[in-house]
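Trainee: Here you go, one structure.
Bear in mind that the values in this text are calculations on the coordinates, not laboratory data. Quick caveat: nothing in here was measured; it's all calculated off a predicted structure. For neighbour counting, all protein chains shown are included, and Cβ atoms are generated from backbone atoms with ideal geometry for every residue, glycine included.
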């Protein structure tokens, strides 16, 4: 597997100067030591590598920044393009790793902490969930109360509604209760028919009240053709006359026909020869003439008129009887009554009108019977078309009434089914009537139940998640024995140990739990031990991984620092590639000495280590600092102290007084640090720098004390520092003051130890 060889491009990465195709290669090798002061960009560089570990840009990198690294096998990876491919090989230890993998529970005198991002995340999530559980319990309780109230309201509604419906069903010993109402709602919730009218509802209730069926009704009988035929016959008869009577008197006085006929028959029957009216004798010739005039045809005609009158009376009687036979409203089944009133009224009116029309024939016929020899006066009789129309309407009305009678009789025959249908219609009516209210009340219950389920499920899910997280916290963390062994190797003693407890780990010192939060050095010890123990987790092999360690010795004393560097170096010796980033000079020296032979191997062997330095400058014309990764100066590479390296910066500053120095911003700090080291050897003892200068002037009387005032000014502006962390800070000294201090420093060193100054200058050439 390939290893990183270069950062081919770098743009917009904070303090770093841009890198491109023309930038010199960094020549990364298997072992890489990168030294830089605090603030030079080591964290940014470690996050660049961390982006390759996660397969996405690190969230703390500058927005919009880009980079690309190359491997010795020709592969290239970077952000934002092609960030994935090295996730299983790249492992980065830095301050972000410590923050993610070592978290301390708050609010405890004996704090519990969590090792590993998964365990720490689980603990943080558990804390959040345990805070959410009371809220979820309150929500569940509220949902339970809401559901109970809605259910109670719904049950009460169904009970009262069912009771109301039951009072209209007249069920006798049977019951209609809430469950039946619920079933009816399910049956008719989508019914799109209308509700019953008040009349229909009353009729259905009346049917339900019946204990036995009503009497059957006889259908009505009416023959329209008979009426029409009789009308025509009667009208025809009334229009006829006895034109065959041969008496001149009858022809002149037709109204006397019947009187003459009855008188002749009376006289003949009683053998009277004298006229009872006038007293005169009735001659034989006259009697013979009267007998010839009043033969059987008159009798037949009169008889026919009488029969016609009787027939007309019969027709009027049948019409009267039909009207009388019309069922009363109460005779019908209740459900048939609402529509029957109009039918009955229509039939009665048509029968009455037809009778009136036929009675016009009755008057004409009576007159005809009295004067059979005279044609009847037909001007006052009903027109045939009107009679036929009335008879037609009556036929239709009778048919409709008979249909109702048939329905009534069918209901009588199907009495049990009719009562059942009436019950069904009443129940359906009240479901339709209350459907919206019922559905809303049911929906309230359904919504409350659904919400209760959501809240209950949410609470159960939180509790289950909390249980799972507690289990993860107990079981996911690494074995304490492995961590403790590495901590002891890191610190050089076994005083500090971790002890697993139910929800993480406790930190023990000398076997007893500590109180309060541990020191930064102790935190670093635990974190680096966990990091080293987890390198080969997830089936990784040490020989395949690329390990980046940023400042593994934070806040350690000198003795512990040596153990820590030794542990890191030996544990990572067989890794595919190692990067150590540090601002600590002692740490740098520990790795530099161990890898010196790898960086400069014997002739004939290729180097396997690279020493680099993050150089921070302010380029001419710029106002911001800029970092570049360069080859480490031999003065850092070859010597354990930074004294020679810092002296080289002062020398260049002094020898090029007119040139722009891109390190000029840090020269006051550098001069102060060189002065501190020189005086530590030439004028040891306390009293601070002014006291040391006084002692030096006493030992060397010819020193120009006034010139040394520039160095005293340096002590007033620049504070003392035991390390190089402050070298990147800006000074308040002016450039002229800085140059004066540098010149005074060199003059003093020349006077006190010229050979020392000469040899230092020789090393820097």
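Trainee: Determine the shape class of the chain: with a ≥ b ≥ c the square roots of the Cα gyration tensor eigenvalues, call it rounded for a/c under 1.5, and otherwise prolate if a/b is greater than b/c, oblate otherwise.
Mentor: prolate
Trainee: If we restrict to alpha carbons, what Rg and Dmax does region 440-587 come to, in Å?
Mentor: Calculated on Cα positions, Rg and Dmax stand at 23.0, 79 Å.
Trainee: Among 652, 89, 673, which comes first, second and so on when ranked by fewest other beta-carbon atoms within 10 Å?
Mentor: Ranking 652, 89, 673 by Cβ neighbours within 10 Å, fewest first, gives 652, 89, 673.
Trainee: What is the packing order of peptides 509-522, 54-67, 26-39, taking the mean over residues of other C-beta atoms within 10 Å and listing the highest first?
Mentor: 26-39, 54-67, 509-522
Trainee: Gap in Å between the Cα centre of region 45-83 and the Cα centre of region 330-401?
Mentor: What the calculation gives is 111 Å, centre to centre.
Trainee: Set the Förster radius R0 to 30 Å, insert the Cβ-Cβ distance between residue 130 and residue 453 as r into 1/(1 + (r/R0)^6), and round the FRET efficiency to 0.05.
Mentor: That pair, residue 130 with residue 453, gives E of 0.85.
Trainee: Next question, about the same structure. Taking R0 as 60 Å, what FRET efficiency do you get between residue 233 and residue 417 from their Cβ-Cβ distance, rounded to the nearest 0.05?
Mentor: 0.80
Trainee: Would you calculate the separation in nanometres between label points at residue 190 and residue 206, each defined as 7 Å from the Cα along the Cα-to-beta-carbon direction?
Mentor: Rounded to a tenth, the inter-label distance reads 3.6 nm.
Trainee: Which of the peptides 453-459, 418-424, 581-587 is most tightly packed, and how do the rest follow, going by the mean number of other Cβ atoms within 10 Å of each residue?
Mentor: Ranking, from highest mean packing down: 581-587, 418-424, 453-459.
Trainee: While we're on this one: Assuming 0.36 nm per residue, please report the length gained on full extension of the stretch residue 138 to residue 275 beyond their Cα-Cα distance.
Mentor: Full extension of this stretch gives 36.2 nm more.
Trainee: Under the rule a/c < 1.5 gives rounded, and otherwise a/b versus b/c splits prolate from oblate, where does region 668-711 land using the Cα gyration tensor?
Mentor: It comes out oblate by the Cα gyration axes.
Trainee: Where q = 0.10, 0.15, 0.18, 0.24 Å⁻¹, what log10 of I(q)/I(0) comes from the Debye formula for region 402-499, counting one point per Cα?
Mentor: Log10 I(q)/I(0), no solvent term: -0.67, -0.86, -0.96, -1.12.
Trainee: Would you mind putting 744-755, 13-24 in packing order, based on average other-beta-carbon counts within 10 Å, highest first?
Mentor: Ranked from most to least packed, the peptides come out as 744-755, 13-24.
Trainee: Add -39500 (n - 2.57) for each DSSP H run of 4 or more in the chain, then divide by its residues: what number comes out at 222 nm, to the nearest 500 deg cm²/dmol?
Mentor: Taking each H run of at least 4 residues, the total per residue is -19000 deg cm²/dmol.
Trainee: Hey, another quick one. With the crude spin-label approximation of a point 7 Å out along Cα→Cβ, what separation in nm comes out for residue 573 versus residue 509?
Mentor: 3.3
Trainee: Let me ask another. Suppose we keep just the DSSP beta bridges with both residues in the chain; what percent of those would be antiparallel, to 5?
Mentor: Just about 60 percent of them are antiparallel.
Trainee: Next question. Using only Cα atoms, find the angle between the long axis of helix 296-325 and the longest principal axis of the chain, and express it within 0 to 90 degrees, rounded to the nearest 10.
Mentor: 30
Trainee: Mind giving me the nanometre distance, one decimal, between the label points for residue 620 and residue 180, set 7 Å out from Cα along Cα→Cβ?
Mentor: 10.8
Trainee: What fraction of the DSSP beta bridges in region 544-676 is antiparallel, stated in percent and rounded to the nearest 5?
Mentor: 55
Trainee: Using only the alpha-carbon atoms, how far is helix 42-54 inclined from the longest principal axis of the chain? Give it as 0 to 90 degrees, nearest 10.
Mentor: Between helix and principal axis, roughly 40 degrees.
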